[in-house]
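Derivation of every value follows stated rules applied to the coordinates shown; laboratory data play no part. Predicted, not measured: the structure shown is a model, and the values here were computed from it. As a convention, Cβ positions derive from the backbone with ideal geometry for all residues, glycine included, and neighbour counts pool all protein chains shown.
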Amino acid sequence: MRARRFCEMWRGPSRSRFWGIGFFILGCCLPVGLLGQMTARGLGLGGAYTALARGVHAPAWNPANLGLPDNPKFSMTFISAEAGVWNNSFTKKMYEKYNGAHWTSEDIEDILNHIPDGGFGLDAEAFVRTFSFSAGRFAFSLGASAGAYSRLDKNIFKLGLEGNALDETYGLDNTDGEGVGVGLVSLSWGQPMNVSFADVFAVGGTVHILYGGVYGNVDKADFSLTTASYGTDVNGDYEVTYGMGGVGWGFDLGTAAQFGEKWTVSLGLINVLGSIPWSKEIEKEVGYVNGDSLDVIDLEEDFSDSSWMVEGGEFSTKLPMLLRLGCAFEEGPVLLTADYVQGFHDGPLSSTTPRFALGSEWRGVGWLPLRMGVVLGGSVGFGTSFGFGIRPGGFVFDIGVMNRGFAFPQNSKGLIVAVEIGMELQRKESEVVKVGDF
């Protein structure tokens with residue numbers, strides 16, 4: 001049975017519900033956060049920003065940086081926004097090559113080879129921070145975050161492109177998705193401490209008040225298709241949870257150290273504790289599809305499907321904990337940075353795949369810093385980035401762009417863009433606590 005006949009079996013309400021599950025996961029969350037927790041400068045550095053984040057940026061990376069002597073006297077973000085969408089399989093070059101073309105068997109094989117065994121993945125994230133500020137060792141942040149991911153079983157594409165063989169069962173169980181949108185208010189503090197092993201050492205913490213926006217999760221998606229000489233058997237059931245949230249909380253911890261005038265090392269534990277309660281309009285959609293000995297002619301008689309809504313009970317989700325370890329080296333107008341990030345949960349805003357990032361910033365023209373970076377791992381995979389800032393006096397205007405793939409647009413599997421407008425007032429030379437004075 002070829003792709004045309006397979007698609008015929010999914011006509012009507014059952015098909016719209018099935019695909020609606022997948023597209024809900026992506027669509028429900030994007031309007032909630034709409035767009036900058038990464039920050040434009042951090043994105044331009046490939047995400048290698050943990051040891052450099054200061055002032056209003058520090059809470060999102062490591063609050064302990066607020067206690068370092070080079071922390072600005074005052075900084076403020078008027079608007080900081082980031083948004084991105086990427087996939088794990090297809091580049092822009094592939095799309096242009098195959099879009100509208102006649103596909104040979106070799107072309108189909110090439111397309112399928114680009115889809116990992118774990119399935120086709122589509123990720124999206126958006127952050128926004130506005131009217132946030134830092135004053136000395138204290139910082140206040142106001143913003144929102146949203147993220148979504150979806151996974152489609154590779155067999156879905158095999159069936160559509162190659163058709164299905166007789167006496168073979170195709171499992172479509174490797175299909176998943178989750179989406180979440182959260183607003184937040186954060187208070188952060190950094191405190192220097194006297195130690196013997198570093199010239200400067202600081203600890204810090206952040207307390208988050210979280211406002212649950214929307215939540216969606218594919219709890220179950222079990223489908224199979226078997227073809228035989230007498231017809232095709234289709235069986236599957238699914239469960240999807242929807243909800244809106246209440247008020248939760250979160251807590252971050254961090255330490256930071258400086259060695260001499262050039263090296264900074266920063267370690268942050270994000271979401272050490274905390275959760276979001278989901279207590280409003282909780283519903284679970286449950287459904288099934290079933291068909292025995294199907295053919296194209298006898299669909300109405302042999303094919304059955306149903307779905308119904310079940311009122312759900314309150315539940316809570318833990319915040320995904322992240323470990324951030326970064327170091328920075330400064331020599332004249334050159335800054336070099338490196339980050340290691342480890343997540344402990346796979347979800348819309350985190351990944352258990354370790355992420356490594358390298359970044360560089362050149363400040364030969366003081367008011368026009370230029371940035372480049374590269375990232376490997378995490379939910380993004382391999383990415384390259386660039387960015388720049390316009391910073392005359394205390395004004396801040398930063399732009400960062402990350403390409404999911406090599407720097408050339410043709411090799412892109414997605415794009416993340418960030419922009420920030422704000423201000424930053426550095427301490428006077430007489431006010432800066434020198435390294436070693438603690």
Completion exercise
HN-Hα couplings for region 44-54 via Karplus (6.51, -1.76, 1.60; θ = phi - 60°), in whole Hz with x for Gly/Pro, come out as x, 8, x, x, 8, 10, 4, 7, 9, 4, 9
Exercise for the section: Give the distance, in whole Å, between the Cα centre of region 170-228 and the Cα centre of region 393-407. Expected result: 24 Å
Fill in the blank from the handout: The long-range amide H neighbours of Arg427, using H built 1.01 Å from N in the peptide plane and a cut-off of under 5 Å, are Lys73
Problem - Measure of compaction for region 147-301 (Cα Rg per 2.2 N^0.38 Å) - result: 1.72
Exercise for the section: Could you please rank Ser379, Ser306, Ser266, placing first whichever residue has the fewest other Cβ atoms within 10 Å of its Cβ? Expected result: Ser306, Ser379, Ser266
Problem - ³J(HN,Hα), Karplus 6.51/-1.76/1.60, whole Hz, each residue of region 141-154, x for Gly, Pro - result: 10, 9, x, 8, 9, 8, x, 8, 9, 9, 10, 10, 4, 4
Practice task
List, in the order given, every pair from Lys158/Lys413; Lys158/Lys284; Lys92/Lys284; Lys93/Lys154 whose Cα-Cα distance in the structure shown is over 32 Å.
Solution key: Lys92/Lys284
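Mind pulling up the Rg/Rh value for region 325-393? Radius of gyration and Kirkwood radius, both on Cα. Numbers along the way, then the final one.
Numbers: Rg = 14.4 Å, Rh = 13.3 Å.
Radius of gyration over Kirkwood radius for region 325-393 works out to 1.08.
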Handout entry: Per-residue Cβ neighbour rank within 10 angstrom, fewest leading, Ser105, Ser279
Key = Ser105, Ser279
Practice task
With +1 on each Lys and Arg Cβ and -1 on each Asp and Glu Cβ, and nothing else charged, work out how big the dipole of region 3-431 is about its Cα centre, in Debye to the nearest 20.
Solution key: 2320 debye
Handout entry: Neighbour-count order for Tyr340, Tyr238, fewest beta carbons within 10 angstrom listed first
Key = Tyr340, Tyr238
Fill in the blank from the handout: Distribution output for region 3-431: share of Cα-Cα pairs per 10 Å bin in percent, first bin at 0, values 5, 20, 28, 21, 14, 8, 4, 1, 0
Problem - In sequence order, calculated HN-Hα J values of region 196-201 (Karplus, 6.51, -1.76, 1.60; Hz; x Gly/Pro) - result: 9, 8, 8, 5, 9, 9
Fill in the blank from the handout: Straight-line reach check, Lys262, cutoff 28 Å on alpha carbons, 8 or more apart in-chain or any other chain, hits among lysines -> Lys73, Lys428, Lys434
